Every structure is written in C-alpha cells, then in structure tokens.
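Scroll down for the structure; my scribbles are underneath it.
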Amino acid sequence: MKPYALLLSVFVLTGCVTASQLQQASAGQFEKMRQEMTISNNAADRAYVQCIANAIIAQLDEPYASYNWDVELFDEDETNAFAMPGGQIGVFTGMFAVAEDQDQLAAVMGHEIAHVTLGHSLSRANSQTAATLGIMIGSVASEVVRENVGLIMLGTQLGLLLPFSRAQETEADVDGLELVARAGFRPAASVELWRNMAAANPNRPPSFLSTHPSSSARIAALGEQVTQVMPLYQQARAGGRRPACSR
C-alpha cells in the first residue's frame, strides 16, 4: 500500500471527527444562525421555551447535565426545532402553530435533545468523513494530505447539517419520550403533536419531519411507547416534577 493510502486508511479507521471538534463547530454554527436569522424579542415566548428546556435538561445524565445549554427562539415561520452537540437548542416560532401546549412543545424539544445524548451528530459526521476519505484513497498524495484538515471540517459540518437517518429518528423518539416523561410532561402529547403537524402540512411534511414523514404507523408506534413510559411520568408527578410553563 502506498504511504498516503495507508495514512488515509488510518484516518478512516480511527474516525476523523472528535466530540470536541463537533462541539466547537456547533457553537460557531449557532452563533452564525443568531447573526443571520431573526431573534424573537417576545419575552413571554422566550421564557416559555426556556422553562420547558430547563425542565428537560434537569433530567439529563452526565456529561450532558453539566453542559452550558444555550437556548434560542428564532422568529421564523418554519415549523422546526433542533439541538446541537455543543448544547445549543433552537426553536422556531412556527412551532407554536402546531405545539398547542407545553407538553407538545416538550415532545419536540425532548426528541431533539435525545439526538445529542445519543451521539447521533458525531456518528453522522464520522460516517460521512470516512466515506469521503475512502473515495479519495488513490488520489494524488500531496493534494489528499493537504486536504485532510478540510475534510475533517467538512465532516464536522455535515454532522451538524445533514438529516438524521430513520433509525436515528426512531431512537430519538424513544429516548426523547422517556426524557420528557421523567421531566413530568404528559407523554401522550407527543402523539397529539405529530397529528397536528401532519394536519398542518397535508401535502408536504415540515422540515422537522423531512426524514420520517408522520404516518399512521409511526403515530401508532408512539402510542405504544406512551404506554411504556407512563410509569416514569407518574413517578415524576408524584415526586413533584410538575412543569408549569406558559406563554
């Protein structure tokens, strides 16, 4: 094997993007969004979103419980929300049109935070970077070696921007629902939310559902999961975890 091919194989096999790199990139991307998008100045709405986030974050395990979580409300009509691996949470005001109460919005935010705690962005970034480097094995050595750093950063950005797989979305559904149940939010609200989102977008799923359009089968699966997490919800309520977030 040629020396440069061996070098690239090591990059592929060992993984090219670290958690630290991804966290730094997400912080930078989040600040860029703040600069380029409109931030909501509605104090009541901002407090509402922060209240829900605080209740969910309080139920996280380490190391995520110690993250300096940064929550932002973007004044955008799009029906969307996200969480980034550095501990950034973004909610678009368009979510208020379909998330009718704190429990439904918590279902969205819990799902997104679960993507972070499950490490989905890091997995996605390394998969994409490894594929890119693998393709480039056999290219001109000097050019490939010079581009390694750029490819690592490319993978990092793709880890933040590419949609999650269906398997990852399902995992986030399960873990996110458990998370909001432990926080004391009503689990059944997740099913209500997906029905609202499907009804609001009958011809095209919103960005939040782009990789897994809402369907009767998916709503049924969530309904089964709701039954399973009800003991967690009941324990949370009995333990005094009763979120009271309102706009």
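Observations
- Cβ-Cβ distances below 6 Å connect the following pairs, each with a first residue in the range 55-71 that is acidic (Asp, Glu), a second residue that is surrounded by 15 or more Cβ atoms within 10 Å (Cβ to Cβ), and a separation of six or more residues or different chains: Asp70/Gln88.
- In the range 228-240, of all residues being under 24 Å from the mean Cα position of the chain (by Cα) and of a type outside the set (A, V, I, L, M), the one that is nearest to Val49 (Cα to Cα) corresponds to Tyr233.
- The range 15-33, residues that are farther than 28 Å from Ala183 by Cα and surrounded by 15 or more Cβ atoms within 10 Å (Cβ to Cβ): Gly15, Cys16, Val17, Gln21, Ala25, Gln29, Met33
- Within the range 73-101, tally of residues that are of a type outside the set (A, V, I, L, M, F, W, C), in a helix (DSSP H, G or I) and crowded, with 22+ Cβ neighbours inside 10 Å: 0
- Residue identified as outside any helix (DSSP H, G or I), at pLDDT below 90 and closer than 21 Å to Met95 by Cβ among Pro187, Pro163: Pro163
- Evaluation of Ser121 against the conditions (1) buried (at least 21 other Cβ atoms within 10 Å of the Cβ); (2) modelled with pLDDT of 95 or more shows that the sole unmet condition is (2).
The values are calculated or read from the model by the stated rules, or taken from the named source; none is laboratory data. For clarity, every value in this text was computed on a predicted model and none was experimentally measured. All Cβ positions, glycine included, derive from the backbone under ideal geometry; neighbour counts span all protein chains shown.
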